[in-house]
1. Considering each residue of the range 71-89, count those that are surrounded by 12 or more Cβ atoms within 10 Å (Cβ to Cβ) and touching a helix residue (DSSP H, G or I) at 6+ places or on another chain (Cβ under 9 Å), and give that number.
2. Listed residues Ala52, Ala139, Ala100; which is more than 18 Å from Val17 (Cβ to Cβ), touching a strand residue (DSSP E or B) at 6+ places or on another chain (Cβ under 7 Å) and hydrophobic (A, V, I, L, M, F, W, C)?
3. Counting just the residues of the range 98-153 that are surrounded by fewer than 16 Cβ atoms within 10 Å (Cβ to Cβ), modelled with pLDDT under 95 and acidic (Asp, Glu), which one comes out nearest to the chain's Cα centre (by Cα)?
4. Among the residues of the range 55-104, count how many are free of Cβ contacts under 8 Å to residues at least 40 places away in the same chain, among the charged types (D, E, K, R) and under 20 Å from Ile138 (Cα atoms).
5. I want to confirm something. Restricting to the range 90-103 and keeping residues that are out of contact with any helix residue (DSSP H, G or I) (no Cβ under 6 Å at 6 or more places or on another chain) and among the β-branched types (Val, Ile, Thr), which single residue is farthest from Met1 (Cα to Cα)?
6. If we keep just the residues of the range 15-50 that are small (Gly, Ala, Ser) and surrounded by fewer than 22 Cβ atoms within 10 Å (Cβ to Cβ), which is nearest to the chain's Cα centre (by Cα)?
7. Taking the stated definitions as given, is Val53 surrounded by 18 or more Cβ atoms within 10 Å (Cβ to Cβ), outside any helix (DSSP H, G or I) and of a type in the set (A, V, I, L, M, F, W, C)?
8. If you go through the range 99-153, how many residues are of a type in the set (A, V, I, L, M) and over 26 Å from Arg55 (Cβ atoms)?
Amino acid sequence: MHFSEYDTRLAAYAVIVDERQRILLALWNEVQPPRWTMPGGGVELAETVEEAVVRELREETGYAVRVGPLLGVHSQVFAPEARGTAPGDRPLKSIRVFFAATIIGGELTREVDGTTDEARWFDLSDVAALDRVAIVDIAVEMHRRLAQLEGFR
């Protein structure tokens, strides 16, 4: 299929794991029941993916962040009838860019009138038991790979 025959959504997410091995997640409210997801979201036309991560984290968590290394890129194709909350009647290619990030300021707050209701820290060991979307598992695996690589330095 030619690229002009489907829609593309570019999104950027931050993976923030603190020194206590807790990960920061956001509660996505556009699905029922709400599920935990990675903080981040759609990249606006005039933004870089790094700028989008900074903006989205401020909106969804209240934190100011410094964008770290690129952890990876994940893409998924959705049929028109499986686009979920994304409007449109064409196939959708979702491209998700994941970065490690570090908190440099702000304080944990709830997003008002957005796509998430709250942000919360979870022990990495507890993530598997959460009601979550698939990108959480993808992000955790990307973080583990980076941690393994850093262990070889």
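1. So the count comes out to 5.
2. Unique residue meeting the criteria: Ala52.
3. Per the stated criteria, the residue is Asp117.
4. So the answer is 1.
5. That would be Ile103.
6. So in the range 15-50, the residues small (Gly, Ala, Ser) come out as 26, 40-42, 46.
Next, only the ones that are surrounded by fewer than 22 Cβ atoms within 10 Å (Cβ to Cβ) stay: 42, 46.
Working: Gly42: 9, Ala46: 19 Å.
Among those residues, the one meeting the criterion is Gly42.
7. Values: surrounded by 18 or more Cβ atoms within 10 Å (Cβ to Cβ): yes; outside any helix (DSSP H, G or I): no; of a type in the set (A, V, I, L, M, F, W, C): yes.
Considered against the rule, which asks whether it is surrounded by 18 or more Cβ atoms within 10 Å (Cβ to Cβ), outside any helix (DSSP H, G or I) and of a type in the set (A, V, I, L, M, F, W, C), Val53 comes out as no.
8. Residues of the range 99-153 of a type in the set (A, V, I, L, M): 100-101, 103-104, 108, 112, 119, 124, 127-130, 133-136, 138-140, 142, 146-147, 149.
So of that shortlist, the ones also over 26 Å from Arg55 (Cβ atoms) come out as 128-129, 147, 149.
Residues in the range 99-153 being of a type in the set (A, V, I, L, M) and over 26 Å from Arg55 (Cβ atoms): 4 in total.
The values are calculated or read from the model by the stated rules, or taken from the named source; none is laboratory data. Keep in mind it's a predicted model, so treat the numbers as computed, not measured. As a convention, Cβ positions derive from the backbone with ideal geometry for all residues, glycine included, and neighbour counts pool all protein chains shown.
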